[in-house]
Amino acid sequence: MTTPIDAHVHELGMPAFDQRIADAVARSVELGGEKQTTLKAKDLKTDQEVRWCPGCGDYVILNAVQSFLPSLGIAREDMVIVSGIGCSSRFPYYMNTYGMHSIHGRAPAIATGLAASRPELSVWVVTGDGDALSIGGNHLIHTLRRNVNLTILLFNNRIYGLTKGQYSPTSEIGKVTKSTPMGSLDHPFNPVSLALGADATFVGRAMDSDRKGLTDVLRQAAEHQGTALVEIYQNCNIFNDGAFELLKDPLTGTQWTIPLVHGEKLVFGPDGASCVVADGAGGLRIAETNQVEESQIVVHDAHRTDPSYAFALSRLSSQDLRYTPMGVFRSIQKPTYEAMMADQLEDARSGQPADLAGLLAGNDSWTVEA
Amino acid sequence: MSESTPSTEPTTLTQASAPGGLVKSVVQLDRVVIRLAGDSGDGMQLTGNRFTSETASFGNDLSTLPNFPAEIRAPTGTLPGVSSFQLHFADHDIMTPGDAPDVLVVMNPAALKANIADLPGGGLLIADSDEFTARNLAKVGYAENPLEDGSLDGWQLVSVPLTSMTTDALAGSGLGKKEAERSKNMFTLGLLSWMYHRPTEGTIRFLERQFRKKPEIAAANIAAFRAGFNYGETTEAFAVSYEVKPAPMAPGTYRNISGNQALAYGLVAAGQRSGLPVFLGAYPITPASDVLHELSKHKAFGVRTYQAEDEIAGIGAALGASFGGALGITTTSGPGVALKGETIGLAVMTELPLVIVDVQRGGPSTGLPTKTEQSDLLQALFGRNGEAPVPVVAPRSPGDCFDAAIEACRIALTYRTPVFLLSDGYLANGAEPWAVPDVESLPDLRTEFATEPNGPDGEFLPYLRDPETLARPWAVPGTKGLQHRIGGLEKADGTGNISYDPANHDFMTRTRQAKIDGIAASLPPTEVDDPDGDATVAVIGWGSTYGPIGAACRRIRRSGRSIAQVHLRHLNPLPADLGDILRSYDRVVCPEMNLGQLSMLLRAKYLVDVQSHTQVRGLPFRAAELAAVLQDVIDGAATTADPVLSGGQS
Ligand SMILES: Cc1ncc(C[n+]2csc(CCOP(=O)(O)OP(=O)(O)O)c2C)c(N)n1
Ligand code: SF4
Ligand SMILES: [Mg+2]
């Protein structure tokens, strides 16, 4: 059976400098049997007790991920989950894959080094709104623009959970928390807009409790070559309970959610009463479906090269979550960072064989005779 | 004068007749220190480097001291814009770039003003008279032209119109005046090459290579270089040329190498000798950037270089790569280390190999970006939260950066730990001849990856340690059956699971410390250089002060006194025999380019009354000054009854 690593070896012709890693992997297969690519959800569970608060949205996301991952056909040992710090970032401990629970905000940087040097692995980042957008904001935007092959799951609960409830960079203005008794003053980020501004090649959004929608976005994200950012609305029932109720409640949810389906008209609301049309100034606006020509209604195209359309979509929603598009905003193909890096190494190798003695002696050496 | 034997009276060797019937004599010298000084735009560093290469290939021993401003182009002709390059070369083994120049070449009034105080009386001063215009003189506050007002009578002044001679020489080249003027550094190099009998083919080859795409520029520079050489041969201004014989060196292949280049080569070699891909995550910073530049050229060796968005991402990516089985490296200077601290702590906790290269510069804060200092020692040792021990290795000379880099990688890979490699600006940019090592003689750095479960019940225990090194297994993603999670939270012994257990934390903290302390067992006995064997005073240093301290010791010994020199490569852990060595001397002196960081450490650790001698001028110590300090200590030791452990520490 060909494992992803074998395939990679075959494809690239494993260079000598990566050989010892490949050998170790091959040896483990010799000793432990073939890589197992048909997994069940339970194969991904660990013996560690899950320590989130009862009722936390993180549980449902964990379950969704564990149920969905086996369908990718990737062996457990070929998956790595790197997280930062926060409630959400405890995620790797509960996944029977390789994992690193790193430091606050730095997971994208660490995952980049891993993915760039081991392109055959499936590398995931799990992060929170504070982790990804406050302390780690710089790493996030640079990872996105580089298009490293990572899938980033951003658990947005619009609060700092682990530090017990301070407002976060996605909290709505005026948020009253322990650190903002008179209401927060700073304007929040819209993570999708931010990612699109950084030229992300894949950006999606899903709801923790919507197993089907979440799984659908996760699958597309996982299959994407390059950095995929998935913003997952996650309820923190302790410090920000009901933050997404407007969208979760079946009645209001239908009214305020704009489902994004590639190739389909952006019609939403009870009986499709609302729709998205061009606003004539380069952006988009909400209209009543019966007030516009059918041809005016925007057909969702996640593959547009120009990010402005996806950006305009992301700007439709307000801080209080009315008109929130859910699904895949953008999914385009660009070369990944590690593929380009591997190409450069390959070019260098074929151009000039690695000769250490030659390198050390250089062009201007001289010899002292005995 | 530098550390070497004060030159015997130069001997005139030959009376040679030059074209034009001039009789020129050749004088034999054992050593020369030349300083070239000009505007940042005058190409002094390039000229110095070329002269160095010529000198290296001629076979002299040499040592260099580039000194340039942090500004890329400070306003032309001003004092802050002065850039200089000092080269010491000799027919014997030397250790420093020289305390003061014997010859000073100044390309403009600012260069004269900034450097003349360093030229001892009677020294040779060559000035480009074309640049001593009223405007340039006024810029640096000369009311009169010093080349003409007699104020330089204390030196052997030779005024030469270097600029106009260059443009004259290039008259037919088709280049404009401004462009032609830019070759004046090559004219100067030609003149100096004649004066010191340097081989010229290397420079011509270099210019052809450098300007391959602009043959007319290559031709102009070569023409200027030759014109300068011929001018020396024919002018009456220089009646004497000098010969400095090659230095005796052990048989072998040599090359000229700078510290940053040697350091980068050491990292490439460590990758080859460990069989691991090298991954460098770095953010540009002076004086470390050249390591990034150099490593970026060596992709054929499997070196992946990643210019990150900041220092934190640089080290993060390196650590991520180490998790994946690469030899993770990050290069930076002091301010960058400050940013990397938290990730270094994570590397301590996750016990993964990682090398952090700190090419130190003057601090604090942005400090003196292009000047040297040794003031990050305590930051490297202690600049993290928690008990986070990290081994520290320091090179002693430019060429030694190669071996020190390999040693840092050896420790990182063997003990699965982050390691600091503490170079500095002086080593980074300084150069010396380097005996090219035989690749097969380099240490074998192969370490094993874990490939099967190690637990009693067939499980994998990521924190089950090697009993000898206390290193934990390195199981890379992709390895079947060894999936595990690591991170910054405290680990339970063995399993590596999160643990808040008090006894476990105490145990793990002590174990991490014991692992680093245990490295001392792998170190060779400390070398003590005491040729007379009867020294009562020892001088101890670390890093780039090796040259100046060694040169100072030679002076002391030449004056008939004894002194012992100890130079540390490992700052953490310190060698096991160091306490006994220090205690065996009446007095111990520790010169450092900081305010006494190592001496504080030694005093605290060994209760020895180490005397600190410090200087933070952004420049290496002068051997003569250091010798005077050591002399005073030796004299003091001879007259004090009980000199040991003064201050009631015993
Ligand atoms: C360097 C550093 N600063 C601060 C903290 C404290 N801290 C831990 S988690 C956190 C915020 C986490 O918020 P978020 O990323 O939204 O995660 P959540 O807990 O909400 O899932 C903070 C400030 C830390 N661990 N490290
Ligand atoms: S504090 Fe909030 S986010 Fe954290 S575990 Fe509890 S419910 Fe979940
Ligand atoms: Mg949060």
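The values are calculated or read from the model by the stated rules, or taken from the named source; none is laboratory data. Just so we're clear, the structure is a prediction, and the values are computed from it rather than from any experiment. All Cβ positions, glycine included, derive from the backbone under ideal geometry; neighbour counts span all protein chains shown. We work out accessible area using only protein heavy atoms, side chains counted, and drop any ligands, DNA or RNA first. Shrake-Rupley method; radii C 1.70, N 1.55, O 1.52, S 1.80 Å.
Quick notes
- Restricting the range A:59-78 to residues that are at the interface with chain B (Cβ under 8 Å from one of its Cβ atoms) and surrounded by fewer than 24 Cβ atoms within 10 Å (Cβ to Cβ) leaves a set whose member that is farthest from A:Cys236 (Cα to Cα) is A:Ala75.
- Selection count where residues are in contact (Cβ under 8 Å) with a residue 24 or more places away in the chain and farther than 15 Å from B:Gly232 by Cα, scope the range B:169-200: 8
- Residues within the range B:501-524 that are free of Cβ contacts under 8 Å to residues at least 40 places away in the same chain and of a type in the set (S, T, N, Q), tallied: 1
- From the list B:Gly560, B:Gly618, the lone residue that is open to solvent by less than 10 Å² (accessible area, probe 1.4 Å) and either among the polar types (S, T, N, Q) or assigned to a loop (DSSP other than H, G, I, E, B) (or both) is B:Gly618.
- Against the test of being touching a residue at least 24 places away in the same chain (Cβ under 8 Å), open to solvent by 30 Å² or more (accessible area, probe 1.4 Å) and not basic (Lys, Arg), the options B:Glu243, B:Glu294 yield a single qualifying residue, B:Glu243.
- Condition met for A:Thr127 (within 16 Å of ligand 3 (Cβ to nearest atom) and surrounded by fewer than 24 Cβ atoms within 10 Å (Cβ to Cβ)): no
- Checking each residue in the range B:179-201 for being surrounded by fewer than 21 Cβ atoms within 10 Å (Cβ to Cβ) and within 14 Å of another protein chain (Cβ to nearest Cβ) picks out B:Pro199, B:Thr200, B:Glu201.
- Out of B:Ile312, B:Ile356, sole residue that is closer than 25 Å to B:Lys491 by Cβ, more than 8 Å from every other protein chain (Cβ to nearest Cβ) and not aromatic (Phe, Trp, Tyr): B:Ile356
- Selection count where residues are β-branched (Val, Ile, Thr) and buried (at least 18 other Cβ atoms within 10 Å of the Cβ), scope the range B:590-615: 2
- For B:Thr253, the criteria (1) open to solvent by less than 20 Å² (accessible area, probe 1.4 Å); (2) of a type in the set (Ser, Thr, Tyr); (3) within 7 Å of chain A (Cβ to nearest Cβ) hold in every case but one, which is (1).
- Pairs, first assigned to a helix (DSSP H, G or I) and within 16 Å of ligand 3 (Cβ to nearest atom) in the range B:337-353, second open to solvent by 20 Å² or more (accessible area, probe 1.4 Å) and modelled with pLDDT of 95 or more, C-beta under 6 Å, six or more apart: none
- Unique match (being within 39 Å of the chain's Cα centre (by Cα) and away from chain A (no Cβ under 14 Å)) among B:Leu445, B:Leu464, B:Leu427: B:Leu427
- Residue in the range A:226-233 that is open to solvent by 20 Å² or more (accessible area, probe 1.4 Å) and modelled with pLDDT of 95 or more present: no
- Options A:Gly55, A:Gly105; residue that is open to solvent by less than 10 Å² (accessible area, probe 1.4 Å), within 16 Å of ligand 3 (Cβ to nearest atom), more than 7 Å from chain B (Cβ to nearest Cβ) and in a loop (DSSP other than H, G, I, E, B): A:Gly105
- The selection criterion, being in a loop (DSSP other than H, G, I, E, B) and touching a Gly at 6+ places or on another chain (Cβ under 7 Å), does not hold for B:Thr64.
- Verdict on B:Leu346 being within 13 Å of chain A (Cβ to nearest Cβ), of a type in the set (A, V, I, L, M, F, W, C) and open to solvent by less than 10 Å² (accessible area, probe 1.4 Å): yes
- Residue list for the range A:29-52, restricted to those being out of contact with any Lys or Arg (no Cβ under 7 Å at 6 or more places or on another chain), of a type in the set (A, V, I, L, M) and either more than 8 Å from every other protein chain (Cβ to nearest Cβ) or surrounded by 15 or more Cβ atoms within 10 Å (Cβ to Cβ) (or both): A:Ala41, A:Val50
- Taking every residue in the range B:59-71 that is within 14 Å of B:Arg361 (Cα to Cα) and pairing it with any residue that is in a strand (DSSP E or B) and open to solvent by 40 Å² or more (accessible area, probe 1.4 Å), at least 6 positions away or on another chain, the pairs with Cβ-Cβ distances below 8 Å are B:Ala70/B:Leu368.
- Applying the criterion of being surrounded by fewer than 16 Cβ atoms within 10 Å (Cβ to Cβ) and in contact (Cβ under 8 Å) with a residue 40 or more places away in the chain to the residues of the range A:148-187, the residue that is nearest to ligand 3 (Cβ to nearest atom) is A:Lys164.
- Hits in the range A:130-147 - residues which are within 11 Å of chain B (Cβ to nearest Cβ), open to solvent by less than 10 Å² (accessible area, probe 1.4 Å) and within 11 Å of ligand 1 (Cβ to nearest atom): A:Gly136
- Test: residue in the range A:254-274 that is in contact with a helix residue (DSSP H, G or I) (Cβ under 6 Å, 6 or more places away or on another chain), open to solvent by less than 30 Å² (accessible area, probe 1.4 Å), away from chain B (no Cβ under 14 Å) and among the aliphatic types (A, V, I, L, M): no
- Residue check, A:Asn240 more than 15 Å from the chain's Cα centre (by Cα), within 13 Å of ligand 2 (Cβ to nearest atom) and polar (S, T, N, Q): yes
- Within the range A:321-330, the residues that satisfy the criterion of being in contact with a Phe, Trp or Tyr (Cβ under 8 Å, 6 or more places away or on another chain) and open to solvent by less than 20 Å² (accessible area, probe 1.4 Å) are A:Leu321, A:Thr324, A:Val328, A:Arg330.
One line per residue, one yes/no per condition, for (1) part of a helix (DSSP H, G or I); (2) over 22 Å from the mean Cα position of the chain (by Cα); (3) modelled with pLDDT of 95 or more:
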| position | (1), (2), (3) |
| --- | --- |
| B:Thr76 | no, yes, no |
| B:Ser84 | no, no, yes |
| B:Ala114 | yes, yes, yes |
| B:Ala117 | yes, yes, yes |
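- Selected residue (criterion: nearest to B:Ala313 (Cα to Cα)) from residues of the range A:79-102 that are part of a loop (DSSP other than H, G, I, E, B) and facing another protein chain (nearest Cβ under 8 Å): A:Ser102
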